[in-house]
Amino acid sequence: MHLYHLTLQKPTAVIALAYGSFSGPKVHEIALACGSSLEVVRPDENGKLRLVGRSDCFGQLRSLAAFRLTGAKRDYLIVGSDSGNVTVVQFNGELGRFDQVHCENFGKSGVRRIVPGQYTVADPRGRACLLGALEKQKFVYVLNRDSKENLTISSPLEAHKTGVVCYDVAALDVGFENPIFAALERPYEAPKKKLLVYYELDLGLNHAMRKQAVQVEDSATKVCSVPGGGD
């Protein structure tokens, strides 16, 4: 016999969120990670958020990232959790729940310092995603589709760096050039020195590398991508 522990009152604290069109094309929706449940809400004509669907995950959700493959009309959702897996789900509007599209193991279960899942970001063009841990480990996955228009995910590409603590990660909009991710890190040997490190995924060589490191203010704690350049 197998037993599940479910609370009568659902979790309400929002751990992470992602914006996208999950139930259909051209729909403005927000995916919320609330403890062990995944929800989709949509603003109505009065500006209030209405629940569209909800799924229990039987685990602790840690991070979310939405992405859309080139030419697609709906967004997928990458979920970072304590399971040690990279999980991609898609919302089923008819049933009001999330369906699992892909799930692949990369580490031990549990909330561990060196197991990715604390940070999850996706390339704005939907070509790659990065899952990072608080320390050392970062995995980059190439996202694509097969001949039947089904989502495919490559084997994980390592972008590890020993002896650093990661504070935050963001994906940069570089058009259709090689995807670049920015991470705010602090080396162990320099406790008063924070670095903004750029990791590049070379799509031609299928290789993730540490491209550049720039020192920033020691008070920095968050990384956000903003429009710039020729936009």
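Coordinate-derived values only; no laboratory data. Please read these numbers as outputs of a predicted model, since none were measured by experiment. Cβ placement follows ideal geometry from the backbone for every residue including glycine, while neighbour counts extend to all protein chains displayed.
Listing for the model above:
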read-out: ASP168, ASP123 arranged by Cβ crowding within 10 Å, fewest neighbours leading; value: ASP168, ASP123
read-out: Loop GluC sites (Glu not before Pro), the stretch 139-195, which have at most 16 other Cβ atoms in a 10 Å radius of their Cβ (DSSP); value: GLU149, GLU177, GLU189
read-out: Farthest toward positive dipole pole in the stretch 14-215 [+1 Lys/Arg, -1 Asp/Glu at C-beta], among VAL121, THR162, GLN60; value: THR162
read-out: Magnitude of the charge dipole, the stretch 14-215, Cβ model with Lys/Arg +1 and Asp/Glu -1, debye to 20; value: 420 debye
read-out: Sites ASN105 and VAL226 - FRET efficiency at Förster radius 30 Å, r taken between beta-carbons, to 0.05; value: 0.30
read-out: Cleavage-rule hits (chymotrypsin sites (Phe, Trp or Tyr not before Pro)) in the stretch 157-204: DSSP loop, at most 16 neighbouring Cβ within 10 angstrom; value: PHE176, TYR188
read-out: Expected-Rg normalisation [2.2 N^0.38 Å, Cα atoms] applied to the stretch 1-114; value: 1.09
read-out: GNM result for the chain, Cα springs below 10 Å: residue of ALA208, ALA16, ALA72 fluctuating most strongly; value: ALA72
read-out: Spatially near lysine pairs across the chain, Cα under 17 Å, sequence gap of 8 or more or different chains; value: 17
read-out: Distance-filtered residues of the stretch 187-231 - backbone nitrogen under 14 Å, label point 7 angstrom along TYR19 Cα→Cβ; value: 225-227
read-out: Projected-area mean, the stretch 122-231, by convex hull of Cα positions, square nanometres; value: 7.6 nm²
read-out: Descending semi-axes in Å of the chain, equivalent ellipsoid built from Cα gyration tensor; value: 29, 21, 18
read-out: Estimated vicinal HN-Hα couplings, Hz - the stretch 81-96 in sequence order (Karplus 6.51, -1.76, 1.60; Gly, Pro = x); value: 9, 8, 7, x, 10, 9, 10, 10, 10, 9, 7, 9, x, 5, 9, x
read-out: Computed label-point distance, nm, for sites LEU205 and TYR188 using a 7 Å Cα→Cβ extension; value: 2.7 nm
